[in-house]
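One structure is given below, encoded as structure tokens.
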Amino acid sequence: MKLSTSLVAVKKITSSKPRSTFADDELEQAAQLILESEGVVNPIVVRRTSLQSFEVVDGDFEYYAAARAREIDIRKGEMIGVFIIESENEETLTKQVELFRKSKVFISNNVPTNSDSIESRLINMESRTTNIESRMTNQESRSEKRTNELEEEWKREIKNIYNRLNELENRLPKPIEPLEALNTWNLTKLTSKLSRVNVKSQVIEKIFNEREANGKYSSFSNVLARMKGKGLGEKTMLKIIDSFAEGTV
């Protein structure tokens with residue numbers, strides 16, 4: 001089993017240790033360093049509490065520093081490198097956390113006087129830090145590549161959706177105004193449409209003949225005025241207008 005870091009959104013992590021445990025000025029300084037380097041040099045250890053949420057097991061200070069970095073700049077401080085304790089690595093990671101915690105306490109309380117020992121430990125720490133940085137760089141590179149791929153896929157999908165919507169819109173029947181129909185349709189088409197709302201064929205024919213003889217109608221009032229005494233009243237005119245309400249021929 002190869003140990004590797006994962007990038008997790010800071011907002012999806014919680015800590016059981018209060019933020020007030022740590023000095024604000026130290027958190028602020030650490031947050032600024034995280035933003036400058038765009039990452040945490042020492043990944044924290046978390047345990048999954050649900051599919052998309054985590055709890056800090058070790059590295060509460062780093063977590064709160066990352067949370068402060070996110071408050072300052074949400075773009076640069078959005079993600080943090082973590083080791084996730086899963087069922088397959090729980091035993092080994094838990095042992096490491098326990099061992100390294102004790103080591104840190106021992107070092108802070110028992111500073112060695114032997115300069116060679118100090119130098120050796122510093123070299124080991126630098127080596128581990130370099131390895132962690134390398135893994136984080138590789139992880140960030142893969143994450144950025146995948147993010148770019150997903151963004152391109154999303155753009156293509158949006159374009160396809162717009163194209164399909166335009167195609168569907170072009171297929172929809174275009175609405176037509178009643179006055180336009182009275183002025184442009186031939187007698188057969190007018191009869192087929194208006195007979196559906198019980199307009200008498202004689203009246204339809206008179207509307208058509210009046211238009212052909214004296215020109216197009218300028219308004220519905222003009223239709224009524226020119227058809228006065230020919231069987232077309234206001235009620236029938238309203239039925240003709242309503243018959244086009246659905247916008248289909």
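No lab work stands behind these numbers, since they all come straight from the coordinates. Nothing here was measured: the structure is a model prediction, and the numbers come from that model. Ideal geometry is used to build each Cβ from the backbone, glycine not excepted, and the neighbour counts take in all protein chains shown.
If a/c stays under 1.5 just call it rounded; otherwise compare a/b with b/c (prolate if a/b is bigger, oblate if not). Do that for the range 2-47, with a ≥ b ≥ c from the square roots of the Cα gyration tensor eigenvalues. Oblate, since a/c reaches 1.5 and b/c is not below a/b.
Annotation for the range 152-227: trypsin sites (Lys or Arg not before Pro) lying in DSSP loop with at most 15 further Cβ atoms inside 10 Å of their Cβ are LYS200, LYS216.
Net length available on complete extension from GLN96 to THR188 is 24.2 nm, with 0.36 nm assigned per residue and the Cα-Cα distance removed. Run through the range 147-247 and list the GluC sites (Glu not before Pro) located in a DSSP loop whose Cβ has at most 13 other Cβ atoms within 10 Å. Answer by residue number: GLU246. Taking other Cβ atoms within 10 Å as a rough exposure proxy, TRP185, TRP154 sort from fewest to most as TRP154, TRP185. Calculated mean residue ellipticity, 222 nm, the chain: -20000 deg cm²/dmol, from DSSP H runs (n ≥ 4) at -39500 (n - 2.57) each, averaged per residue and rounded to 500. Largest mean-square fluctuation among ASN131, ASN209, ASN160, in a Gaussian network model of the chain whose springs join Cα atoms under 10 Å apart, belongs to ASN209.
Note on LYS95: aspartates and glutamates with a C-alpha under 13 Å away, same-chain residues under 8 apart excluded, are ASP58. Among the GluC sites (Glu not before Pro) within the range 40-101, those in coil by DSSP and having at most 10 neighbouring Cβ atoms inside 10 Å are GLU88. The shape of the range 178-242 comes out rounded: with a ≥ b ≥ c from the C-alpha gyration tensor, a/c is under 1.5.
Label sites at LEU168 and ARG128, each approximated as a point 7 angstrom past Cα along Cα to Cβ, lie 5.8 nm apart.
In sequence order, the range 10-18 has phi-based couplings of 4, 5, 8, 10, 10, 10, 7, 8, x Hz under the Karplus curve 6.51 cos²θ - 1.76 cosθ + 1.60, θ = phi - 60°, and Gly or Pro positions carry x. Do the alpha carbons of any pairs in LYS17/LYS76; LYS76/LYS159; LYS189/LYS230; LYS11/LYS76; LYS193/LYS239 sit beyond 18 Å of each other, and which pairs? Violating the 18 Å limit, Cα to Cα: LYS17/LYS76; LYS76/LYS159; LYS189/LYS230. Taking the chain as a Gaussian network of alpha-carbon nodes connected by springs under 10 Å, the highest mean-square fluctuation of the residues GLY59, GLY215, GLY81 belongs to GLY215. Averaging over all projection directions, the Cα-based convex hull of the range 1-88 occupies 5.6 nm² in the image plane. Using the Cβ-Cβ distance between GLU157 and ARG48 with R0 set to 35 Å, the FRET efficiency works out to roughly 0.70. Shape descriptor for the chain: Rg over Rh equals 1.52 (Cα atoms; Rh from the Kirkwood inverse mean 1/r).
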